[in-house]
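Notes follow once the structure below has been shown.
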Amino acid sequence: MFATRLSNVTKYVGAHVSIVGGIQNAITNSLFIGGNAFAIFLRNQRRWIAPPLDPKNIEAFRENCLQHNYASKFILPHGSYLINLGNPDQEKREKSYQAFLEDLQRCELLGLTLYNFHPGSTVGNCSKEQSIQHIATCINRAHKETSSVTCVIENMAGAGNIVGSRFEELADIISQVDDKSRVGVCIDTCHAFAAGYDLRTSKAYEKTMEEFSRLIGFQYLRGMHLNDSETELGSFRDRHANIGKGYLGLEAFRLIMNDDRLNEIPLILETPIGPDESSDYYKEIKLLYGLVGKESNCNNVKAHITEKNKEKRKSKKSKKSKNTDGEFNK
């Protein structure tokens, strides 16, 4: 039975859902959790080679989206974790580019207009400036080989040689993209917090958002990943926690849900889930919508802050899965 979806909303909250059994099943899986937006993988994200999409599944996907009012701007496909457009090794970068291009072509077949991906890594063999140039060159090349999809660059947590943890690095990529109408950014709240961007209080939140506005601009914000963080501010570790039960806390998400600058974009959960995925995501979507119009001293926020440390300790012992970007396997 489908969960009730809120209508007449300005915040489009959903989750990363499975495509097991066919890509058309993503819509059903989103409906089960009451999502007004969703994210998917376009293929097995841990393999380079993927079979072509079944034309019948493509048609069913398009029809289901139309029937259930999922506009393409609220669907945020996620690229393969294997792709590294910043690799200085030309042969390896070309392999990544071909997978990147194939994903964009799949988006076009499905009628999707956004494609979210991790920018890449220097792998320790070049400067970040050189890696950024490689990434932008690949985006420009892909734009010439496709016609409609916007490449949405995700901010990263800042570990090792990864590019994209600083807003300046994302801005540098965008500055080198020729068709700026087809490039955008996705802010992952866990990644931002791990990279040192604080969102926990109104003052800290506004400071971070002002920096984003100044360096990148909200006109480029095409989506967000809503994840709490198992690790502290500036940890450079990508460890997702359930909403309100990590170091970010519920107040950060109350601020997001009441920020008009974040209207009309997909807000996607990638939080840890248990065996009953639909129940977990349904509860978190309901929680987030319950924050709309609430003040910071509302009982809902207070209750979650009070329980945060206790739940955090429990979560370390739980068997929940999918609490980093690299652990999605659907």
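The values are calculated or read from the model by the stated rules, or taken from the named source; none is laboratory data. Keep in mind it's a predicted model, so treat the numbers as computed, not measured. Glycine gets a Cβ as well: all are built from the backbone with ideal geometry, and neighbour counts include every protein chain shown.
A few notes on this one:
- Condition check for residue 169: loosely packed, with under 14 Cβ neighbours inside 10 Å, in contact (Cβ under 8 Å) with a residue 40 or more places away in the chain and among the acidic types (Asp, Glu): no
Rundown of residues vs (1) over 19 Å from residue 184 (Cα atoms); (2) surrounded by 14 or more Cβ atoms within 10 Å (Cβ to Cβ); (3) at pLDDT 95 or above, yes/no style:
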site: 27; (1), (2), (3): yes, yes, yes
site: 35; (1), (2), (3): yes, yes, yes
site: 41; (1), (2), (3): no, yes, yes
site: 45; (1), (2), (3): yes, yes, no
site: 48; (1), (2), (3): yes, yes, no
site: 60; (1), (2), (3): yes, yes, yes
site: 66; (1), (2), (3): yes, no, yes
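- Unmet requirement for residue 280, which otherwise passes all of (1) out of contact with any His (no Cβ under 9 Å at 6 or more places or on another chain); (2) touching a residue at least 60 places away in the same chain (Cβ under 8 Å): (2)
- Within segment 216-243, considering residues that are closer than 23 Å to residue 291 by Cα and acidic (Asp, Glu), the one surrounded by the most Cβ atoms within 10 Å (Cβ to Cβ): 228
Condition check ((1) of a type in the set (Phe, Trp, Tyr); (2) within 16 Å of the chain's Cα centre (by Cα)) across all residues:
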site: 39; (1), (2): no, yes
site: 54; (1), (2): no, no
site: 61; (1), (2): yes, no
site: 64; (1), (2): no, no
site: 109; (1), (2): no, no
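- Within segment 184-202, residues that are free of Cβ contacts under 8 Å to residues at least 40 places away in the same chain have Cβ atoms under 8 Å from residues that are part of a helix (DSSP H, G or I) and among the β-branched types (Val, Ile, Thr) in these pairs: 185/174; 192/208; 197/208; 198/208, counting only partners at least 6 apart in sequence or on another chain.
- Selection within segment 18-35 - in contact (Cβ under 8 Å) with a residue 40 or more places away in the chain and in contact with a strand residue (DSSP E or B) (Cβ under 7 Å, 6 or more places away or on another chain): 19, 30, 33, 35
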